[in-house]
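See structure below.
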Amino acid sequence: MSVAAAITEEVTPYLPRGVRLHHCSVRAGWFLLAPERALKMDAIGVAILNAVDGTRSFGAIVDKLASDFKAPRERVAADAGKFLRDLADRRMVEVKS
């Protein structure tokens, strides 16, 4: 099973060594930086990645985002799960049990 497929409510996503969220004042935006890669983040991506602290489970991240944005939990879980799975496919997010 791939890391991306393993993003469930119980796992804890984290940014692996060498990956970080960075605000670039020159480009006026947030970027997820990794060795030889950079992805420009929108406000939703930044909110999700700010909740990924390496200690919260995916379920706790979903609860926090649903509360912060007063959004349906099911929708947040689907959207945040897809976002993190896509980053995991790019090896920019990992999970621990």
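Readers should treat all values here as calculations from the given coordinates under stated rules, not as data from a laboratory. Keep in mind the model is a prediction, meaning the values are calculated, not measured. Glycine also receives a Cβ, built like all others from the backbone with ideal geometry; neighbour counts cover every protein chain displayed.
Name every residue in region 50-97 that is aliphatic (A, V, I, L, M), part of a loop (DSSP other than H, G, I, E, B) and without any contact (Cβ under 8 Å) to a residue 40 or more places away in the chain, in order of residue number.
Answer for region 50-97, where residues must be aliphatic (A, V, I, L, M), part of a loop (DSSP other than H, G, I, E, B) and without any contact (Cβ under 8 Å) to a residue 40 or more places away in the chain: just A71.
Tell me, which residue of region 5-33 that is of a type in the set (G, A, S) and without any contact (Cβ under 8 Å) to a residue 24 or more places away in the chain is farthest from A47 (Cα to Cα)?
G18
I'd like to know if region 65-83 contains one or more residues that are in contact with a strand residue (DSSP E or B) (Cβ under 8 Å, 6 or more places away or on another chain) and more than 17 Å from G18 (Cβ to Cβ).
no
Can you say whether V52 is surrounded by 17 or more Cβ atoms within 10 Å (Cβ to Cβ) and within 13 Å of the chain's Cα centre (by Cα), as far as the supplied structure shows?
It is true that V52 is surrounded by 17 or more Cβ atoms within 10 Å (Cβ to Cβ) and within 13 Å of the chain's Cα centre (by Cα).
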